[in-house]
Amino acid sequence: MSPRFSSSSDHWLTCRRRFVQMIRACAAAPVLLGCSPETPAFKSTDVTGASFAKDLRLKDHHGNLRTMKDFKGKIVVVFFGYTQCPNVCPTSMSTMAEVKRLLGTQGDLLQVIFITVDPERDTQPLLKAYIASFDPGFVALRPELDELKGVADNFKIYFKKVPGSTPTSYTMDHSAGKYIFDTEGRVRLFSPYGTDAATIAADIKTLLSGT
């Protein structure tokens, strides 16, 4: 499965370029107006000041209602996927587990949030087991079916159900990048799928330094 699970690699590369251009454009005006004398040396795409990915109010894998305010004081990394994803999602989860390890004593200041795009199959018990297999400190959020589109639109992510050979064997096309929020709950960076753990950890350390 490819990073946006498109059947055409050329189509995916085109969509990815357009997406990165879009999020840069969304953030460009506020960033330019700030005109800080020192520009942070981020390796991920800087989307500081973006107007999207602000509101989050969903139940977690324990059934508790969570918002971004619950994670104030931590760097939050949000990405979308589903538990039956064959490779992209487990790769992303493993990468974030490695990021936490690389952060060392600062690892406790990282909160990883996995939002399912497949609430039909991803029950709370299944999400709980899935999260625990990577890191018990990670959090899974489960939108109801009627909430999913709104959440996806808020984060500007794509998802689509792709029928399989049986009603329950479908797959989910979806965006695979990660949003990184600072300790005040502001979206700051977009990290494309495939970014290595060391690069993400370096950007998180820059954010933790108060940049």
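Selection within segment 176-200: residues that are hydrophobic (A, V, I, L, M, F, W, C) and in a strand (DSSP E or B). The member of this set that is surrounded by the most Cβ atoms within 10 Å (Cβ to Cβ) is 189. Scan segment 61-91 for residues that are touching a helix residue (DSSP H, G or I) at 6+ places or on another chain (Cβ under 8 Å) and over 16 Å from residue 134 (Cα atoms) and report the count. Count: 6. Could you please let me know if residue 137 is modelled with pLDDT of 95 or more and surrounded by 13 or more Cβ atoms within 10 Å (Cβ to Cβ)? Yes; evaluated as a whole, the condition is true for this residue.
Would segment 42-49 turn up any residue that is more than 23 Å from residue 203 (Cα to Cα), among the β-branched types (Val, Ile, Thr) and surrounded by fewer than 20 Cβ atoms within 10 Å (Cβ to Cβ)?
No; the residues of segment 42-49 include none that is more than 23 Å from residue 203 (Cα to Cα), among the β-branched types (Val, Ile, Thr) and surrounded by fewer than 20 Cβ atoms within 10 Å (Cβ to Cβ).
When residue 77 is tested against (1) under 21 Å from residue 161 (Cα atoms); (2) aliphatic (A, V, I, L, M); (3) touching a strand residue (DSSP E or B) at 6+ places or on another chain (Cβ under 8 Å), just one condition goes unmet, and that condition is (1). Checking the structure you have, find out if any residue of segment 201-210 is surrounded by 14 or more Cβ atoms within 10 Å (Cβ to Cβ), more than 25 Å from residue 63 (Cα to Cα) and of a type in the set (Val, Ile, Thr). Checked segment 201-210: at least one residue is surrounded by 14 or more Cβ atoms within 10 Å (Cβ to Cβ), more than 25 Å from residue 63 (Cα to Cα) and of a type in the set (Val, Ile, Thr).
Matching residues to (1) within 22 Å of residue 73 (Cβ to Cβ); (2) more than 16 Å from the chain's Cα centre (by Cα):
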{"residue": "108", "(1), (2)": "yes, yes"}
{"residue": "151", "(1), (2)": "no, no"}
{"residue": "176", "(1), (2)": "no, no"}
{"residue": "198", "(1), (2)": "no, yes"}
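Counting only helices (runs of 4 or more DSSP H) that sit completely within segment 52-171, those holding 2 or more residues that are closer than 20 Å to residue 197 by Cβ and either acidic (Asp, Glu) or free of Cβ contacts under 8 Å to residues at least 40 places away in the same chain (or both) correspond to 88-102.
The values are calculated or read from the model by the stated rules, or taken from the named source; none is laboratory data. Everything numeric in this text was worked out from a predicted model, so none of it was measured. All Cβ positions, glycine included, derive from the backbone under ideal geometry; neighbour counts span all protein chains shown.
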